[in-house]
Amino acid sequence: MRQAFTDLLRRPAFGPAGDEATRKGAVMQIKERLGRTGKFLREVRAEMRKVSWPDRKELVSSTVVVVTVVVVASAFIGLIDFVFSQGLKLFIR
């Protein structure tokens, strides 16, 4: 990790190679990005505390509803597919 960071500092972002101002600019960009990332993560954590999480009973009932709807929809689509494929087989022969 330290080697990658050092390589990043040695590589010029703009300007001639070895330009001290370029190197300092790159360091400032890295610090700024790290600062913004830290701020973002702090804000995410604050928002996650505001979330109203479901209790176990509500979670289980919602899961059962979702699974049931998926099974019924899959069966319906499978049935329609079967009917159309059989109809096409009769039509093609």
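For every residue, the table says whether it meets (1) of a type in the set (S, T, N, Q); (2) modelled with pLDDT under 90; (3) at negative phi.
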residue	(1), (2), (3)
ALA13	no, yes, yes
GLN29	yes, yes, yes
ARG56	no, no, yes
ASP81	no, no, yes
Right, GLY25: modelled with pLDDT under 80 and in a helix (DSSP H, G or I) or not?
yes
Count of region 67-93 residues which are aliphatic (A, V, I, L, M) and exposed (fewer than 10 other Cβ atoms within 10 Å of the Cβ):
2
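Listed here are the residues, each with its yes/no results for (1) part of a helix (DSSP H, G or I); (2) among the β-branched types (Val, Ile, Thr).
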| residue | (1), (2) |
| --- | --- |
| LEU34 | yes, no |
| THR37 | yes, yes |
| LEU41 | yes, no |
| MET48 | yes, no |
| PRO54 | no, no |
| VAL60 | yes, yes |
| VAL66 | yes, yes |
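The values are calculated or read from the model by the stated rules, or taken from the named source; none is laboratory data. Since the model is a prediction, treat every value here as computed from it, not as a measurement. Neighbour counts run over all protein chains shown; Cβ positions are idealised from the backbone, glycine included.
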